[in-house]
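Undergrad: Questions regarding the structure given below will be posed in turn.
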Amino acid sequence: MAPDEKLRSENSPVRPGSASRRRFVKGLGAAGVALPALAMLPRWGFAEDVAAIYANAAIDWKQFAGQTITLAGAIHPWSNAIIPLLWDFTKLTGISVVTDFRLETTFLGALAIQLNRGGNTPDVFMYTTYGQGISAGWLEPLNAYYSDKSLTDPRWYDESDLLKTARAFPLWRDGERYAIPITSEAVTLFINGDALAARNLPVPQTFDELLATANAIKTNEMSGIAMRAQASGNSSVPAMSFVFSYGGAMVSDNKAVFASPEAIAAIEMYGQLLSQAGSRGVSGYEWYHVLDDFLQRKTAMAIDSSNFATDISNPAKSLVARQAVFAAFPHVPGRASVPFMSHWQACINSRSRNKRAAFLFLLWATSKPTSMRTAAAGLATTRVSAWSSESFKKAFGAQAAEAALTNLQNADVDRAKAILFHPLSRPILDAFMIGVNEVVSGARPARIAMTNAAEKANAAIRG
């Protein structure tokens with residue numbers, strides 16, 4: 001929900017003035033394409049309305065009736081949004097779907113073991129370590145499926161409706177696709193508007209302003225800011241946003257480069273924020289600690305995935321639903337903000353016995369009509385039409401949606417892909433976050449911690 005009127009009018013996350021539908025739709029065009037004429041699909045009051053929209057595709061939805069596929073993934077906004085619709089998929093196609101969703105760290109650890117053993121399940125799975133999966137031969141190449149007219153109706157699927165980042169993200173260096181993006185997210189600044197208003201402070205725009213604000217609004221009951229700092233690669237997303245925005249990178253020319261002056265300055269600021277104004281025990285924080293602190297009013301500000309907005313805006317879960325402010329990621333004076341962005345992707349197991357049925361599922365799950373329905377549940381999909389829908393903005397929050405879109409536009413897809421798609425992304429990110437954790441905990445200064453971290457990462461790269 002929107003913040004109070006004072007903050008809404010004076011401290012817009014993008015520029016002064018409240019968000020307008022015209023600006024929002026224009027922004028969607030910049031992030032992807034111009035809004036298609038059929039941007040708003042019909043409201044679904046009856047099941048037959050839904051079936052009719054899928055029937056418009058030149059696809060035999062029943063061609064794999066009787067098959068069963070296993071869908072695995074993390075407990076995540078995407079899984080929460082897609083699970084209620086799986087029965088509709090089964091009715092449409094005759095394909096049964098068995099699900100296996102677990103906590104993110106548990107799921108990712110178990111998945112790598114399953115795939116490495118050569119198991120033929122799961123058939124479809126959420127995935128992040130793209131380079132590792134391709135190098136190991138775990139992921140099925142998908143270009144041939146897209147060009148198969150018995151599986152795909154390009155006119156109906158309409159890839160021009162995808163955000164620009166979603167179109168570019170799954171492309172491997174040879175132009176092959178091994179995944180289909182299923183969500184869109186960018187690192188975003190969340191603020192308890194009441195905490196700002198109590199000190200009559202504006203939304204911070206620069207990192208120096210962020211540090212000053214975090215120190216000014218912290219209290220005995222509420223930290224100034226919460227961010228991930230656990231010594232694990234899974235916690236790297238916010239810290240990478242600092243590195244990118246200071247002008248640094250994670251990898252370049254197959255080398256870890258986060259010991260650069262820019263990266264060291266970025267992590268030094270990261271450590272100052274959390275050591276001076278961070279939550280108690282923040283050196284062990286993962287994303288769920290950050291989210292819980294913000295929802296429970298235990299922190300005045302938080303930086304993490306834009307997908308937090310659905311929970312933050314939900315009064316049943318959030319104590320700050322009415323006063324939450326969603327803002328652009330901060331920047332260094334004279335530099336543009338470059339928040340980390342990503343798309344959770346879904347892949348097909350290269351050893352699956354039901355690959356074509358699995359692809360049909362992914363086509364259905366990421367199509368316009370399905371995306372409109374998952375967006376209505378607050379999921380940030382990859383579709384322009386879904387982002388522009390009133391049902392999405394109501395569930396996600398109009399201001400939150402505009403802030404997320406701004407951060408997606410400001411992101412650098414190539415810098416994000418350079419680390420995410422590296423075959424050794426996990427050990428590189430683990431080394432990086434060990435260094436960040438040392439800085440946050442005060443064990444080592446940023447220069448020493450990040451130099452050691454980069455050396456460890458490069459040793460892993462060299463093998």
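The values are calculated or read from the model by the stated rules, or taken from the named source; none is laboratory data. As the structure is a prediction and not an experimental result, all values here were calculated from the model. Neighbour counts are summed over all protein chains in view; Cβ atoms, including those assigned to glycine, are modelled from backbone coordinates with ideal geometry. Accessible surface areas use protein heavy atoms only, side chains included; no ligands, DNA or RNA. Shrake-Rupley method; radii C 1.70, N 1.55, O 1.52, S 1.80 Å.
Undergrad: Kindly evaluate PHE294 against the criterion of being open to solvent by less than 20 Å² (accessible area, probe 1.4 Å), closer than 19 Å to PHE326 by Cβ and out of contact with any strand residue (DSSP E or B) (no Cβ under 7 Å at 6 or more places or on another chain).
TA: no
Undergrad: So SER275 passes all but one of these: (1) more than 23 Å from the chain's Cα centre (by Cα); (2) without any contact (Cβ under 8 Å) to a residue 24 or more places away in the chain; (3) open to solvent by 60 Å² or more (accessible area, probe 1.4 Å). Which condition number does it fail?
TA: With (1) more than 23 Å from the chain's Cα centre (by Cα); (2) without any contact (Cβ under 8 Å) to a residue 24 or more places away in the chain; (3) open to solvent by 60 Å² or more (accessible area, probe 1.4 Å) applied to SER275, the lone miss is (2).
Undergrad: Name every residue in segment 158-197 that is of a type outside the set (Val, Ile, Thr), open to solvent by less than 10 Å² (accessible area, probe 1.4 Å) and not in a strand (DSSP E or B), in order of residue number.
TA: ASP161, LEU163, ALA166, PHE169, PRO170, ALA179, SER184, GLY193, LEU196
Undergrad: Which condition number in (1) in contact with a helix residue (DSSP H, G or I) (Cβ under 7 Å, 6 or more places away or on another chain); (2) in contact (Cβ under 8 Å) with a residue 24 or more places away in the chain is the one that ASP311 fails?
TA: Of (1) in contact with a helix residue (DSSP H, G or I) (Cβ under 7 Å, 6 or more places away or on another chain); (2) in contact (Cβ under 8 Å) with a residue 24 or more places away in the chain, only one is false for ASP311: (2).
Undergrad: Does at least one position in segment 410-421 carry a residue that is open to solvent by 10 Å² or more (accessible area, probe 1.4 Å) and more than 17 Å from the chain's Cα centre (by Cα)?
TA: No, every residue in segment 410-421 fails to be open to solvent by 10 Å² or more (accessible area, probe 1.4 Å) and more than 17 Å from the chain's Cα centre (by Cα).
Undergrad: State whether the residues of segment 288-302 include one that is modelled with pLDDT under 95 and either closer than 22 Å to THR406 by Cα or of a type outside the set (Asp, Glu) (or both).
TA: Checked against the condition, which is being modelled with pLDDT under 95 and either closer than 22 Å to THR406 by Cα or of a type outside the set (Asp, Glu) (or both), segment 288-302 yields at least one hit.
Undergrad: Taking the condition open to solvent by 20 Å² or more (accessible area, probe 1.4 Å), of a type in the set (D, E, K, R), touching a helix residue (DSSP H, G or I) at 6+ places or on another chain (Cβ under 6 Å) and part of a helix (DSSP H, G or I), does GLU455 pass?
TA: Judged against the criteria, GLU455 is not a match.
Undergrad: Which ones in segment 327-351 are over 21 Å from the mean Cα position of the chain (by Cα) and surrounded by 21 or more Cβ atoms within 10 Å (Cβ to Cβ)?
TA: ASN349
Undergrad: Moving on. What are the residues in segment 198-224 that are part of a helix (DSSP H, G or I) and of a type in the set (D, E, K, R), if any?
TA: Selection gives ARG199, ASP208, GLU209.
Undergrad: Another question about this same structure. Taking the stated definitions as given, is PHE329 in a loop (DSSP other than H, G, I, E, B) and under 24 Å from THR406 (Cβ atoms)?
TA: Answer is yes for this residue.
Undergrad: What are the pairs with Cβ atoms under 8 angstrom where one residue, in segment 93-106, is under 30 Å from ALA52 (Cβ atoms) and in contact (Cβ under 8 Å) with a residue 40 or more places away in the chain and the other, located anywhere, is outside any helix (DSSP H, G or I) and of a type in the set (A, V, I, L, M)? Sequence gap at least six, or different chains.
TA: Correct list of pairs: THR93/ALA65; ILE95/ALA65; ILE95/ILE69; VAL97/ILE69; VAL97/LEU71.
Undergrad: Looking at (1) open to solvent by 10 Å² or more (accessible area, probe 1.4 Å); (2) modelled with pLDDT of 95 or more; (3) part of a helix (DSSP H, G or I), which is the one condition that is false for ALA259?
TA: Every condition holds for ALA259 apart from (3).
Undergrad: Taking the residues in segment 216-239 that are in contact with a strand residue (DSSP E or B) (Cβ under 9 Å, 6 or more places away or on another chain) and more than 21 Å from SER305 (Cβ to Cβ) as candidates, determine which candidate is surrounded by the fewest Cβ atoms within 10 Å (Cβ to Cβ).
TA: Within segment 216-239, the match that is surrounded by the fewest Cβ atoms within 10 Å (Cβ to Cβ) is MET222.
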